[in-house]
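**Student:** One structure coming up, written as structure tokens, with questions to follow.
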Amino acid sequence: PDEPLRLRAPGAEPLEAPVVRDGPHVRVRCWDDYITAVDQGDAAAAWCASVLGFEGARLVRMADEGVRQCDRRFAPRGSE
């Protein structure tokens with residue numbers, strides 16, 4: 001099983017958020033790419049929204065079946 005994600009920020013109570021693999025799938029933008037991500041639940045969303053001061057913020061993770069190529073400018077051939 002996955003270890004929970006530990007969220008911490010100055011002035012906020014820490015939150016341990018379990019990794020959600022089978023939650024709602026959403027399309028999100030990561031830089032110039034659009035990928036499929038899995039919403040990590042309401043508790044993580046509420047924590048993020050409170051810390052960021054942005055109502056409606058959600059925490060997502062790339063779906064297991066998702067693929068996103070690295071930009072070769074930042075990950076040259078042979079790098080790990």
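**Student:** Return a whole-number percent for the relative contact order of the chain, with Cα pairs under 8 Å and 6 or more residues apart as the contact set. Before the final figure, lay out the partial values.
**Tutor:** Details: 107 pairs, mean separation 17.3, N = 80.
Dividing the mean separation by the residue count of the chain yields 22 percent.
**Student:** While we're on this one: Report in % the part of the accessible area of the chain that belongs to carbon and sulfur, leaving out ligands and nucleic acids; probe 1.4 Å.
**Tutor:** 52
**Student:** In units of 2.2 N^0.38 Å, what is the alpha-carbon radius of gyration of the chain?
**Tutor:** Values: Rg = 14.7 Å, N = 80, 2.2 N^0.38 = 11.6 Å.
Ratio of Rg to 2.2 N^0.38 Å for the chain: 1.27.
**Student:** Could you report the accessible area of residue 58 in Å², rounded to 10, computed with a 1.4 Å probe on the protein chains as they sit in the structure?
**Tutor:** For residue 58, solvent-accessible area is about 110 Å².
**Student:** Quick one: if the Förster radius is 22 Å, what FRET efficiency do residue 27 and residue 2 give, using the C-beta to C-beta distance and rounding to 0.05?
**Tutor:** 0.45
**Student:** Per residue, how much accessible area does the chain have with a 1.4 Å probe, in Å²?
**Tutor:** Result: 82 Å² per residue.
**Student:** Note the angle between two axes, namely the Cα long axis of helix 42-52 and the longest principal axis of the Cα atoms of the chain, as a number of degrees from 0 to 90, rounded to the nearest 10.
**Tutor:** Roughly 90 degrees between the two axes.
**Student:** Tell me the chymotrypsin sites (Phe, Trp or Tyr not before Pro) within the stretch 1-48 that lie in a loop according to DSSP and have at most 14 other beta-carbon atoms within 10 Å.
**Tutor:** Here the chymotrypsin sites (Phe, Trp or Tyr not before Pro) that fit, given the DSSP loop and packing criteria, are 31.
The values are calculated or read from the model by the stated rules, or taken from the named source; none is laboratory data. What you are looking at is a predicted structure, and each value in this text was computed from that prediction instead of being measured. Cβ coordinates were reconstructed from backbone atoms using ideal geometry, including for glycine residues, and neighbour counts include every protein chain displayed. Heavy atoms of the whole protein, side chains included, go into the accessibility calculation; ligands, DNA and RNA do not. Shrake-Rupley method; radii C 1.70, N 1.55, O 1.52, S 1.80 Å.
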